[in-house]
Amino acid sequence: FTVGKYVDLIVSNNTVKQIQLSSQLDGVLTQVNAVNNDITLKTDSGQSIPFKLNFSPTVEIANKSTSTMADLKVGDKVSVFLSFDQTIVTKIVTNKTEMYKTLLTTANTKQATLMDAANTNYNISLDGIPIFKADGSAATFADVAVDDYVKLIYKGLVITKAELVTPVRGKVTAVNAASS
């Protein structure tokens, strides 16, 4: 450990139990300069950390198999992966949450055809993905219903979690056009 290195601390009852060199930092991009190859990351603790990118890191963005630095935007939530000596950014992975409408489900393969807000369809496998109901309780693929919505949490190209969005359904019993 030397001055300037990023570390992860595991603390219990105000006692440091473990210190290890960080292999990734999470935060929000506050500056992206593809021309000068540098970025600035603001961590959850509020610290702004600049990175000079001497090499083009791998970039992973949800639903975009070939991404580059040019696809990153200020405000993106990301995980920045570092080399073992923390001198090189090896990968930048976006952390996104996307909402989809379920168009079709195939139970035997646990695949769903989903549509995003831009009316783009995706065939997505939910096999092995943890699925939760709106109340936080566990769900199964059988709970994914056609015409309902599902929220997918991505880390780069990988879906880490699926949340079923419970719709509120009702019946219109009256309309007062005069009062809008």
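Listing for the model above:
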{"read-out": "Tail fraction, Cα-Cα pairs, the stretch 3-60, threshold 17 Å, whole percent", "value": "51"}
{"read-out": "Relative contact order (percent, whole number), the chain, Cα cutoff 8 Å, 6+ residue spacing", "value": "16"}
{"read-out": "Accessible area, probe 1.4 Å, largest first, for residues 81, 51", "value": "81, 51"}
{"read-out": "Using θ = phi - 60° and Karplus 6.51 cos²θ - 1.76 cosθ + 1.60, couplings along the stretch 55-72 (whole Hz; Gly, Pro as x)", "value": "10, 6, x, 5, 10, 10, 10, 3, 6, 9, 5, 10, 10, 9, 4, 5, 7, 7"}
{"read-out": "Between the stretch 122-149 and the stretch 46-82, the alpha-carbon center distance in angstrom", "value": "29"}
{"read-out": "Solvent accessible area, Å² - residue 65, 1.4 Å probe, full protein context", "value": "100"}
{"read-out": "Accessible area of the chain belonging to carbon and sulfur atoms, whole % at 1.4 Å probe", "value": "52"}
{"read-out": "Excluding exposed DSSP-loop trypsin sites (Lys or Arg not before Pro) (at most 12 other C-beta within 10 Å), longest clean stretch of the chain", "value": "74-168"}
{"read-out": "Solvent-free Debye scattering, log10 I(q)/I(0), computed from the Cα coordinates of the stretch 1-114 at q = 0.10, 0.22 Å⁻¹", "value": "-0.41, -1.21"}
{"read-out": "Residue among 115, 80, 2 farthest towards the positive dipole end of the stretch 1-119, charges placed on Cβ", "value": "115"}
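The values are calculated or read from the model by the stated rules, or taken from the named source; none is laboratory data. Please read all numbers here as calculations on a predicted model, not as lab measurements. Cβ sites come from the backbone with ideal geometry, for glycine too, and all protein chains shown count toward neighbours. Accessible surface areas use protein heavy atoms only, side chains included; no ligands, DNA or RNA. Shrake-Rupley method; radii C 1.70, N 1.55, O 1.52, S 1.80 Å.
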